[in-house]
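The values are calculated or read from the model by the stated rules, or taken from the named source; none is laboratory data. All values derive from a computational prediction rather than experimental measurement. Backbone-built Cβ (ideal geometry, glycine too); neighbour counts: all protein chains shown. These accessible areas exclude ligands, DNA and RNA; they are computed on the full protein's heavy atoms, side chains included. Shrake-Rupley method; radii C 1.70, N 1.55, O 1.52, S 1.80 Å.
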Amino acid sequence: MGLFNDVDLQLVVDTYESVRTHDLTTGMVQRNRGFGDLLIRTKWNAWGNDGGATAFGVMPYAKLPTNQDNLGNDSVEGGVIFPFACELPAGWSMGLMTQLDLVHDGSGSRYHPEFLNSITFGHDIMATSPVTWNSSVWSARSLGRIGSARSM
């Protein structure tokens, strides 16, 4: 939903999931079904909102634990995403993204930051078609523990 010309509010709702886990040691099979967590984020386009050769934005977000049947970690988490896009020669495009997340670590009430970088290249397959070829490369890295649930 657009709030202003360069700011929008987004609600990301996980679809219905069905997860089957088979423990090879015990032979037990577990099934979890339901909807996942709710992600609320806002996006501010610093530039390139209405066109141009480059675009940059800032997207802070929060994940609310609305999942069913143990399909999430039942913790509030959040972070910020910095997407950048640019046009390259010969019809190519490139996207770069840096993301910093504050993630619950599953042991007690501790949180830790995680850092993610990605790069994507794209090119139209046919000039008259909206079909685009994309290739992505990414890496993630944990930055160690910080704070507690009360400091979140």
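Counting only protein heavy atoms, what percent of the accessible surface of segment 1-105 is carbon or sulfur at a 1.4 Å probe? Each step should come with its number before you reach the end.
Working: 3980 of 6540 Å².
Accessible surface attributable to carbon and sulfur in segment 1-105 totals 61 percent.
Please list, in order along segment 55-67, the HN-Hα scalar couplings obtained from phi with the Karplus expression 6.51 cos²θ - 1.76 cosθ + 1.60 (θ = phi - 60°), rounded to whole Hz, x for Gly and Pro.
8, 9, x, 10, 10, x, 8, 9, 9, 9, x, 9, 5
State whether segment 1-66 is rounded, prolate or oblate according to the following rule on the C-alpha gyration tensor (a ≥ b ≥ c being the square roots of its eigenvalues): a/c under 1.5 gives rounded; otherwise a/b larger than b/c gives prolate, and the remaining case gives oblate. List each step's numbers first, then the result.
On the way: a/c = 4.33, a/b = 2.89, b/c = 1.50.
Cα axes put segment 1-66 in the prolate bin.
For segment 94-104, take each phi angle, set θ = phi - 60°, evaluate the Karplus expression 6.51 cos²θ - 1.76 cosθ + 1.60, and give the result in whole Hz per residue in order, putting x for glycine and proline.
Values per residue, Gly and Pro as x: 9, x, 10, 9, 10, 9, 10, 10, 10, 10, 5 Hz.
Once amide H atoms are built 1.01 Å from N in the peptide plane, which residues 5 or more positions from Glu77, or in another chain, come under 5 Å H to H?
When sequence neighbours closer than 5 places are left aside, the close amide H contacts are Lys63.
Would you give the gap between the C-alpha center of segment 1-21 and the C-alpha center of segment 46-115, rounded to a whole Å?
Answer, in whole Å: 12.
Ranked highest first by average number of other Cβ atoms within 10 Å, how do 8-15, 40-47 line up? Spell out each step's value before the answer.
On the way: 8-15: 11.6, 40-47: 15.2.
Listed from highest to lowest mean packing, they are 40-47, 8-15.
Taking θ = phi - 60°, what integer Hz values does the Karplus form 6.51 cos²θ - 1.76 cosθ + 1.60 yield along segment 110-120, in sequence order, with x for Gly and Pro?
8, 10, 9, x, 10, 10, 9, 10, 9, 9, 10
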